[in-house]
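Take a look at the structure below.
Readers should treat all values here as calculations from the given coordinates under stated rules, not as data from a laboratory. Everything numeric here is computed off the predicted structure, so don't read it as measured data. Glycine also receives a Cβ, built like all others from the backbone with ideal geometry; neighbour counts cover every protein chain displayed.
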Ligand SMILES: [Zn+2]
Ligand SMILES: [Zn+2]
């Protein structure tokens with residue numbers, strides 16, 4: 001059998017980065033439909049390339065891919081040409097290399113994947129990528145794989161990948177899997193059949209989209225008449241007294257001490273709650289249509305100023321409007337032309353879909369304003385943006401009572 005010596009000009013060419021000549025070497029030495037011969041050629045070239053640097057190796061792989069594409073090499077021969085690039089002749093690993101190390105174009109990788117009959121399915125590949133991602137960005141390589149396989153991930157696919165990831169985490173002790181989980185979660189699609197709307201949303205007769213432009217959000221801070229409850233009704237005293245931790249309760253038997261020590265905005269939240277719940281009760285709990293509470297959610301005012309995202313920057317911080325705390329990490333002030341940013345469509349707790357902003361609830365900050373985006377009270381308490389102490393506890397309970405009493409107008413049917 002004729003032995004070939006592809007190394008003649010190879011090293012020199014590689015040093016000069018003249019891949020064009022490697023292509024010529026390939027064309028010169030590979031024989032159409034002679035897999036055995038071709039395998040020897042590639043193996044020899046791969047051994048040479050491995051002793052050089054990584055770039056040489058990847059250039060060679062890229063050139064072999066170009067060759068396969070240009071020559072329309074048939075399936076079995078594609079396998080022969082590519083296998084030697086993995087030390088264990090694992091074709092799956094070679095395909096991951098193509099998607100991960102950008103050795104050839106997406107289009108050629110896709111051509112090769114479609115041509116090969118010996119590859120694992122996409123779920124196995126994406127699971128193998130947990131191990132083979134090296135330093136690369138998982139999502140980028142995964143996107144290349146999905147493109148090449150012409151596959152769109154279903155929620156079931158994502159479930160099985162999450163399961164496989166547990167095994168991977170166990171095997172590898174990789175502690176940086178957050179980005180992987182985030183990526184997979186982001187690929188989930190909303191399944192309206194399985195979605196259960198929260199219990200507090202409703203659409204009363206007469207409520208419609210026009211309320212979004214006609215219902216005021218509430219008074220500005222300056223104009224606000226400060227409602228004072230010097231003497232709290234008996235039931236409200238015990239209402240928030242229950243949120244005080246046990247040791248504090250035992251320290252002092254005077255229940256009213258706690259109200260006057262509260263920060264102003266919390267007092268105001270209690271006042272608003274009292275007004276609203278009295279109104280609701282006086283109408284025998286019959287829901288009034290189009291109240292600011294139902295359209296914009298409960299108030300948690302920042303004392304001394306209006307909400308940055310209220311209409312013309314006026315009015316109190318309402319749960320479904322407030323942006324005051326969303327950009328707090330960067331110094332820049334909220335720019336109303338940017339529009340709404342707090343509603344992400346996903347729950348900060350479980351990452352589940354929230355199909356409409358009126359289905360979301362948010363965390364009331366002790367100094368006023370609202371933070372986050374959650375699908376349920378359970379999620380809000382499981383991943384709160386702030387530590388929950390007495391003040392937060394009171395605000396959360398006021399908010400919950402408020403929402404339970406009055407509900408939120410369901411906007412999901414408007415779009
Ligand atoms: Zn605000
Ligand atoms: Zn959730």
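General observations
- Here the calculated FRET efficiency for residue 195 and residue 219, from their Cβ-Cβ distance with R0 = 41 Å, stands at 0.70, rounded to the nearest 0.05.
- Each part gets one Cα centre, and for region 58-92 versus region 105-124 those centres are 11 Å apart.
- Using the Cβ-Cβ distance between residue 341 and residue 53 with R0 set to 60 Å, the FRET efficiency works out to roughly 0.85.
- Of 317, 307, 347, the sequence from fewest to most neighbouring Cβ atoms within 10 angstrom is 347, 307, 317.
- Burial order of peptide ranges 184-190, 126-132, 209-215 (average beta-carbon count within 10 Å, highest first): 126-132, 184-190, 209-215
- Ascending count of other beta-carbon atoms within 10 Å, so fewest first, for 90, 121, 178, 306: 178, 121, 90, 306
- Extension reserve of the residue 89-residue 24 stretch, reckoned as 0.36 nm per residue once the Cα distance is removed: 20.9 nm
- A Förster radius of 35 Å, combined with the Cβ-Cβ distance separating residue 413 from residue 388, puts the computed FRET efficiency at roughly 0.55.
- Neighbour counting of Cβ atoms within 10 Å sorts the residues 34, 348, fewest neighbours leading, into 34, 348.
- Cα centroid of region 289-311 to Cα centroid of region 196-221, whole Å: 12
- For residue 106 and residue 314, the difference between the fully extended length at 0.36 nm per residue and the C-alpha to C-alpha distance is 69.7 nm.
- Length gained when the stretch residue 179-residue 205 is fully extended (0.36 nm per residue, less Cα-Cα span): 4.9 nm
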